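This report refers to the structure that appears directly beneath it.
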Amino acid sequence: MRESQYFEVLAPAGGPEALRAAVFAGADAVYLGGPAFGARANAKNFSREELAEAVAFCHGRGVRVHVTVNILLKENELPEALEFVKYLCSLPVDAVLVQDMGLFDALRQRVPELPLHASTQMSLHTPAGVKLLWELGASRAVLAREMSLEEIREVHE
């Protein structure tokens with residue numbers, strides 16, 4: 001393995017039990033949803049209190065926490081979403097997965113140090129799309145699920 005390559009075991013955590021299982025199974029990081037603004041609305045997501053407990057639990061074991069705020073927002077939802085991310089920063093989470101470009105832009109302006117991941121819901125599937133998000137400040141792009149290995153190689157290059 002080349003020195004610049006790093007493999008991360010990133011596990012979904014649909015609730016506290018799944019979170020503990022992922023951590024004890026050796027995950028390097030977990031991603032999970034809060035009480036709102038997540039694409040997995042029907043999953044067992046975390047309340048604010050559970051998020052705080054989850055971050056403390058994970059960080060105490062060297063595991064990073066990434067929270068999904070990955071739905072398209074209506075204009076009137078943006079202030080509440082920003083307040084939620086402010087709360088996430090206070091925990092602090094290690095990254096936020098975002099779909100909505102308005103939220104992405106607002107977060108880049110308000111908390112430029114917060115790692116933002118372009119969610120798979122952005123349907124990034126071209127080198128140009130990933131390059132644009134990178135230039136706008138994304139630290140990671142979760143590519144569209146439908147991509148072939150060859151297409152992923154092209155994006156990587």
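The values are calculated or read from the model by the stated rules, or taken from the named source; none is laboratory data. Bear in mind that the values here come from a model prediction, so they are computed numbers and not experimental data. Cβ: placed from backbone, ideal geometry, glycine included. Neighbour counts: every protein chain shown. Heavy atoms of the whole protein, side chains included, go into the accessibility calculation; ligands, DNA and RNA do not. Shrake-Rupley method; radii C 1.70, N 1.55, O 1.52, S 1.80 Å.
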What does the net charge come to around Leu91 if you take all other residues with beta carbon closer than 13 Å to its beta carbon, with K and R at +1 and D and E at -1? -1
In the range 51-120, the GluC sites (Glu not before Pro) that fall in loop regions by DSSP, at most 15 other Cβ within 10 Å: Glu113
Cα-centred dipole magnitude for the chain, charges only on beta-carbon of K, R (+1) and D, E (-1), debye, nearest 20: 240
Taking each pair of distinct Cα atoms in the chain once, what is the resulting Kirkwood hydrodynamic radius in Å? 16.1
Amide H neighbours of Leu97 at under 5 Å, excluding residues fewer than 5 places away on the same chain, with H built from the backbone geometry, are Val67, Thr68, Val69, His117
Where in the chain are the helices, taken as whole DSSP H runs, whose Cα atoms extend 20 angstrom or more along the long axis and whose Kyte-Doolittle mean reaches at least 1.6? none
The chain: most fluctuating residue of Ala29, Ala21, Ala39 per GNM, C-alpha cutoff 10 Å: Ala21
For Lys74, the net charge from surrounding residues (Cβ-Cβ under 13 Å; K, R +1; D, E -1) works out to -4
Give the accessible area for Val142 in Å² (nearest 10); use a 1.4 Å probe, count only protein heavy atoms, and leave out ligands, DNA and RNA. 50
Just the number please: accessible area per residue for the chain, 1.4 Å probe, all protein chains included, in Å². 58
List the trypsin sites (Lys or Arg not before Pro) within the range 6-99 that DSSP assigns to loop and that have no more than 11 neighbouring Cβ atoms inside 10 Å. Arg61, Lys74
Summarise the accessible area of the chain (1.4 Å probe, protein heavy atoms) by the percent that is carbon and sulfur. 55
